[in-house]
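Structure first, commentary second.
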Amino acid sequence: MTTATMTEANPTSCVAREVLDRVGDKWSAYVLHMLAVQPRRFSELRRGIEGISQRMLTVTLRGLERDGLVTRTVYPVVPPRVDYALTPLGGTLSETICALVTWSEEHRADIDTARARYDEGGETVDF
């Protein structure tokens with residue numbers, strides 16, 4: 001089914017694609033997963049997400065905030081304190097994100113095996 005056909009058959013597919021683009025990017029799922037546990041400060045998120053740069057974390061948080069999934073609370077203290085938390089809307093998504101993270105952790109060895117076999121000779125693996 002082509003994108004045009006998907007859009008004609010289901011006008012909401014464009015919205016779904018936009019949402020999936022946001023939560024399916026390289027970093028958003030990690031951020032949402034960490035915030036599902038509790039609100040976090042920027043530095044906690046950065047330490048907890050291996051490999052993310054300060055700039056990418058900022059861009060990711062702004063996108064999630066723009067989409068209504070995360071709130072940013074600034075406290076008038078010195079030094080400045082900013083907390084990030086899931087909104088109620090973000091909370092409804094966190095269950096799905098956490099399930100995906102759990103699935104990934106449970107099947108990591110299978111995925112590694114499949115990749116190694118494919119890279120060796122192009123074979124796929126049935127599990």
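The values are calculated or read from the model by the stated rules, or taken from the named source; none is laboratory data. Bear in mind that the values here come from a model prediction, so they are computed numbers and not experimental data. Don't worry about glycine lacking a Cβ; one is built from the backbone with ideal geometry, like all the others, and counts go over all protein chains shown.
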Exercise for the section: Filter the stretch 46-69 down to residues that are over 17 Å from Leu93 (Cβ atoms), in contact with a helix residue (DSSP H, G or I) (Cβ under 6 Å, 6 or more places away or on another chain), part of a helix (DSSP H, G or I) and not small (Gly, Ala, Ser), then give me how many there are. Expected result: 2
Problem - Residue count for the stretch 35-45, restricted to those that are crowded, with 16+ Cβ neighbours inside 10 Å and either farther than 17 Å from Leu89 by Cβ or touching a residue at least 60 places away in the same chain (Cβ under 8 Å) (or both) - result: 4
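With the condition kept exactly as written, say whether any residue in the stretch 10-28 is touching a strand residue (DSSP E or B) at 6+ places or on another chain (Cβ under 7 Å) and more than 23 Å from Thr102 (Cβ to Cβ). Quick ask: steps written out before the conclusion?
Kept after step one, since they are touching a strand residue (DSSP E or B) at 6+ places or on another chain (Cβ under 7 Å), are these residues of the stretch 10-28: none.
Within the stretch 10-28, not a single residue is touching a strand residue (DSSP E or B) at 6+ places or on another chain (Cβ under 7 Å) and more than 23 Å from Thr102 (Cβ to Cβ).
Considering only the stretch 47-59, state which residues are under 13 Å from Met34 (Cα atoms) and surrounded by 15 or more Cβ atoms within 10 Å (Cβ to Cβ).
If we filter the stretch 47-59 for residues that are under 13 Å from Met34 (Cα atoms), which is where we start, we get 47-50, 57.
Scanning the stretch 47-59 gives Ile49, Leu57.
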Exercise for the section: Answer yes if at least one residue in the stretch 70-89 is modelled with pLDDT of 90 or more, in a helix (DSSP H, G or I) and not aliphatic (A, V, I, L, M), and no otherwise. Expected result: yes
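With among the hydroxyl-bearing types (Ser, Thr, Tyr) and exposed (fewer than 12 other Cβ atoms within 10 Å of the Cβ) as the only criterion, which of Thr87, Thr102, Thr71 stands out?
Being among the hydroxyl-bearing types (Ser, Thr, Tyr) and exposed (fewer than 12 other Cβ atoms within 10 Å of the Cβ) holds for just one of Thr87, Thr102, Thr71, which is Thr102.
Within the group Val15, Val19, Val23, which residue is touching an Asp or Glu at 6+ places or on another chain (Cβ under 8 Å) and modelled with pLDDT under 80? Full working, then the answer.
Numbers: Val15 fails: touching an Asp or Glu at 6+ places or on another chain (Cβ under 8 Å); Val23 fails: touching an Asp or Glu at 6+ places or on another chain (Cβ under 8 Å).
Being touching an Asp or Glu at 6+ places or on another chain (Cβ under 8 Å) and modelled with pLDDT under 80 holds for just one of Val15, Val19, Val23, which is Val19.
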Exercise for the section: Report yes if Arg115 is over 20 Å from Ser28 (Cα atoms), at pLDDT below 95, loosely packed, with under 15 Cβ neighbours inside 10 Å and touching a strand residue (DSSP E or B) at 6+ places or on another chain (Cβ under 7 Å), otherwise no. Expected result: no
